[in-house]
1. Determine, from the Cβ-Cβ distance of Asn193 and Ile141 and an R0 of 35 Å, the FRET efficiency 1/(1 + (r/R0)^6), rounded to the nearest 0.05.
2. Going 7 Å from the Cα of Ser219 toward and past its Cβ, which residues in the stretch 324-346 have a backbone nitrogen under 18 Å from where you end up?
3. By how many degrees, 0 to 90 and rounded to 10, does the Cα axis of helix 341-355 deviate from the longest principal axis of the chain?
4. Calculate what fraction, in whole %, of the accessible area of the stretch 128-267 sits on carbon and sulfur atoms when a 1.4 Å probe is rolled over the protein chains.
5. Output ³J(HN,Hα) for the stretch 163-171: one whole-Hz value per residue in order, computed from phi by the Karplus curve 6.51 cos²θ - 1.76 cosθ + 1.60 with θ = phi - 60°, and x for Gly and Pro.
6. Which whole-Hz ³J(HN,Hα) couplings does the stretch 185-193 yield from phi under the Karplus relation 6.51 cos²θ - 1.76 cosθ + 1.60, θ = phi - 60°, glycine and proline marked x?
7. Could I have the simple spin-label model distance between Thr211 and Thr366, label points 7 Å from Cα toward Cβ, reported in nm to one decimal?
8. In whole angstrom, how far apart do the alpha carbon centroids of the stretch 198-224 and the stretch 1-56 sit?
Amino acid sequence: MSTISTLSEEEKSKYLEELFEFLRLPSVSADSKFSKYMNSTANWLSNELLKSGCDSTKVYETNGHPIVYGEKIINPSFPTILVYGHYDVQPPDPLELWNSPPFEPTIKKTDIHPEGAIFARGACDDKGQVFMHVKAFEQLIKKKKLNCNVKFMIEGEEEVGSENLEKFLVDNKSKLGADVILISDTGLSSLDNPTLTVGLRGLSYMEIKLTGPNRDLHSGTYGGTLANPINTLSEIISSLIDGKGKIVIPGFYEDVVEIEKSKRDIIEQKSKFNDQKFKDSLGLSEVKGEEGYSTLERKSIRPTLDVNGIWGGYIGEGSKTVIPSEAHAKISMRLVPNQNWEKISELFKNHILSIAPDTVSVEVSTHHGGNPYVTPENFKGYEAAINAYKDSFGKEPIPQKDGGSIPIVPMFESILGIKTVLMGFGLDSDAIHSPNENFGVKNFFIGIETIQNFYKHFGN
Ligand code: BES
Ligand code: MN
Ligand code: MN
């Protein structure tokens, strides 16, 4: 790889120290215990943006966690880049599986990152990647090379569905005017053969509650005489996917855009995706999924349905003989173009209600969702990204769709009318949302270079 960092050794260690300050703030959005840290993190970030060269910054209160905004307008006739990211992180649980505390960042060498990786909750998703943008911007100002206007909008609710950001977009449409949205909150395949993310899946997140008898019952006195809600829930769930890996909800695939096999084959070849490596990285001897599609396709261009959690009955120590009164499950579906999350949530709900037997009562509720997104390949932002990767990696990136979701991205297009470029620098092995989340030090510094290169190409 031909990458040469333009940062001095002093700058590199200073930037890591500053990132560590950011990572030490436990900005967990899902858990109200952490809410005071949401405010302190937003204030810290706002101050960093000011120090790095923004003309002004502001912390906007919302009905949830605050949004950090900052801007530098060098010339209204120049192109404007709106940088989006999130300072909130996932809960660190289960804590006992971390090799070092989640909010005490530390650098350790690993097989994948012989130069070292930063271990902390949020190191990759998304504080480390947000901070690359702050530092790239600071560098451009320092070198007098800033050639675009810049707006930063960093929210604190991405991991819980971005519900208040939608209102913020509607209320601040003109303030947020820009020529492109630039986001680093995804990954690439490897630093040697980088991919550029050109799509995100949508998401529909549902919950089911089944109620059977009006109280928990002795499983001897009553066992065999009535439907056990957990058994019934298991039957319902296992009926949702057939033997070929297809989701059986009527209408589920109706809007799915099928990609021609010949096009899929080209993508597969270019990607250098390796099933064996994939299995090894997860400690699996076999994979499973929708028939007729490769693992790469299953994790990017195909919709899915997964149980995220299931509970009910007795789960404490030892055993307790009981037929539970209730059973619960949280189920998410990943969606692809042109599925609509509200329509899919409705189809899911109707299907569950229609198949549930009369032996139980059923409630189906919607948590949150978002639509899929595809970056168009024929606009200036995309070209600038391709050229930026060429400059920093010495080769052209391979366009690839990512399996994750960032629900606000399609709203940047529908509300603000602005297209998004996804320039992420994480690796699948970074363990985002898991214990021991980490981010390669090299990835962090290449990110800072590539972002500066993006400005160079986009501003010209
Ligand atoms: N940064 C991720 C999304 C992501 C990860 C995209 C990896 C592509 C590759 C984001 O923070 C995230 O976790 N999104 C959630 C959705 C949200 C509504 C909770 C997701 O994808 O589960
Ligand atoms: Mn993220
Ligand atoms: Mn996340």
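1. Working: r = 32 Å, r/R0 = 0.92.
It comes out at approximately 0.60.
2. Correct set: 324-328.
3. Computed tilt is about 10 degrees.
4. Working: 2950 of 5830 Å².
Percent of accessible area from carbon and sulfur atoms in the stretch 128-267: 51.
5. 5, 7, 6, 4, 5, 4, 5, 5, 6
6. For the stretch 185-193, the Karplus-derived couplings read 8, 9, x, 10, 6, 6, 6, 7, 10 Hz, x marking Gly and Pro.
7. 2.3
8. For the stretch 198-224 versus the stretch 1-56, the Cα centre distance is 41 Å.
The values are calculated or read from the model by the stated rules, or taken from the named source; none is laboratory data. All of these numbers come straight from a predicted model, not from anything done at the bench. Cβ atoms come from the backbone with ideal geometry, glycine included; neighbour counts cover every protein chain shown. Accessible surface is based on the protein model in full, side chains and every heavy atom, while ligands, DNA and RNA are left aside. Shrake-Rupley method; radii C 1.70, N 1.55, O 1.52, S 1.80 Å.
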